[in-house]
Amino acid sequence: MQLPPDTKLQGETPPGPGDIPEGVCVSPDMRRSQRIPPNQSRTKKWPVLDTGIHPKPIAPEDVTLELYGEVEAPVLLTWAELQELPKTTVAADMHCVTRWSRLGNLWEGISTQTLLQQVKLKPTAKYVMVYGRDEVTFFRGGSATWSTNLPLEHFRHDDCLVAWSHDGEPLTNEHGGPLRLVIPKLYAWKSAKWVCAIEFKSEDAPGYWEKGGYHMLGDPWKEQRFRFSEETGDEL
């Protein structure tokens with residue numbers, strides 16, 4: 001039996017800034033002379049890594065995105081309303097905490113800056129908690145909607161977006177479609193799959209992987225993989 005061609009398989013040379021069409025936002029890390037962070041290796045494929053529990057696929061028209069928390073009034077955006085907002089295309093590298101890097105990804109969707117224009121943030125809004133549609137079991141028991149945290153300042157960078165397309169194709173369910181977050185400057189677990197809600201918070205709090213020991217920020221260039229020191233056990 002012949003397998004279908006892998007449409008996500010890259011060639012020997014990864015896309016660089018010079019290969020990106022005019023008008024596309026190029027993530028600053030793509031312009032580094034060395035694009036692969038410490039102790040990472042380039043992959044030509046696009047691996048699937050998550051908790052292993054995928055939510056049931058839904059049609060794009062059934063997608064909603066809730067913005068709430070430290071805002072003057074919460075907002076619930078439908079798929080149709082998202083499609084009416086200004087769109088963006090971003091070229092960015094992706095780095096997984098499991099040590100693979102896929103270079104030169106092309107994402108299309110709505111920039112996080114545009115999302116922020118849909119609500120009025122309170123001055124107390126300093127952090128973001130992003131929720132996916134996948135149900136997860138916590139390490140010490142109990143279950144909840146998957147989540148991840150990050151500072152608001154990282155969420156609003158020019159190269160950040162909620163995406164529905166990758167390399168010219170709609171996002172499949174295994175890769176977080178119909179809608180996922182993309183935060184290129186942090187490890188890929190911060191780019192939440194199956195995103196359905198974004199909560200603005202006054203204080204930082206750990207999400208799913210962070211509660212299990214992953215770093216609260218996750219900068220790949222600083223190798224912020226773990227929340228606690230492997231030598232002392234102290235929080236980093």
Considering each of THR124, THR43, THR51 in turn, give the residue that is over 20 Å from HIS154 (Cα atoms), more than 15 Å from the chain's Cα centre (by Cα) and of a type in the set (Ser, Thr, Tyr).
-> THR43
May I ask you to verify whether ASP29 is of a type in the set (D, E, K, R), in a loop (DSSP other than H, G, I, E, B) and closer than 19 Å to ARG99 by Cα?
-> no
Among residues of the range 107-141, those that are over 18 Å from VAL63 (Cα atoms), modelled with pLDDT of 95 or more and in contact with a Lys or Arg (Cβ under 8 Å, 6 or more places away or on another chain), counted = 7
Please work out which residue is modelled with the lowest pLDDT, limiting yourself to the range 205-224 and to residues that are assigned to a loop (DSSP other than H, G, I, E, B) and over 17 Å from the mean Cα position of the chain (by Cα).
-> GLY212
Within the range 34-72, the residues that are in contact (Cβ under 8 Å) with a residue 40 or more places away in the chain, part of a loop (DSSP other than H, G, I, E, B) and farther than 24 Å from TRP164 by Cα are ARG35, ILE36, PRO37, PRO38, ASN39, GLN40, GLU70, GLU72
Select from the range 85-101 the residues that are surrounded by fewer than 21 Cβ atoms within 10 Å (Cβ to Cβ) and in a strand (DSSP E or B) and list them in ascending order.
-> THR89, TRP100, SER101
Does PRO184 fit the bill of being touching a strand residue (DSSP E or B) at 6+ places or on another chain (Cβ under 6 Å), modelled with pLDDT of 95 or more and closer than 23 Å to ARG42 by Cβ?
-> yes
Does at least one position in the range 50-73 carry a residue that is surrounded by 13 or more Cβ atoms within 10 Å (Cβ to Cβ), at pLDDT below 95 and closer than 24 Å to ARG35 by Cα?
-> yes
Any idea which of (1) touching a residue at least 60 places away in the same chain (Cβ under 8 Å); (2) surrounded by fewer than 20 Cβ atoms within 10 Å (Cβ to Cβ); (3) among the hydroxyl-bearing types (Ser, Thr, Tyr) is the one THR145 doesn't satisfy?
-> (1)
Residue check, ASP159 against (1) at pLDDT 95 or above; (2) under 22 Å from SER41 (Cα atoms); (3) crowded, with 16+ Cβ neighbours inside 10 Å, all met but one. Which one?
-> (2)
Go through the range 175-196 and give me each residue that's in a loop (DSSP other than H, G, I, E, B) and under 15 Å from GLU108 (Cβ atoms).
-> GLY176, GLY177, PRO178, LEU179, PRO184, SER191
Going by the conditions given, is SER111 out of contact with any His (no Cβ under 7 Å at 6 or more places or on another chain) and farther than 25 Å from GLN10 by Cα?
-> yes
Quick one: in the range 187-217, which of the residues that are in contact with a Pro (Cβ under 7 Å, 6 or more places away or on another chain) and either buried (at least 23 other Cβ atoms within 10 Å of the Cβ) or polar (S, T, N, Q) (or both) is nearest to GLY52 (Cα to Cα)?
-> TRP194
Taking the range 173-221 as the region of interest, how many residues are farther than 19 Å from VAL136 by Cα and polar (S, T, N, Q)?
-> 1
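The values are calculated or read from the model by the stated rules, or taken from the named source; none is laboratory data. These figures come from a predicted structure and were not determined experimentally. With ideal geometry, Cβ positions are generated from the backbone for all residues, glycine too; neighbour counts draw on all protein chains shown.
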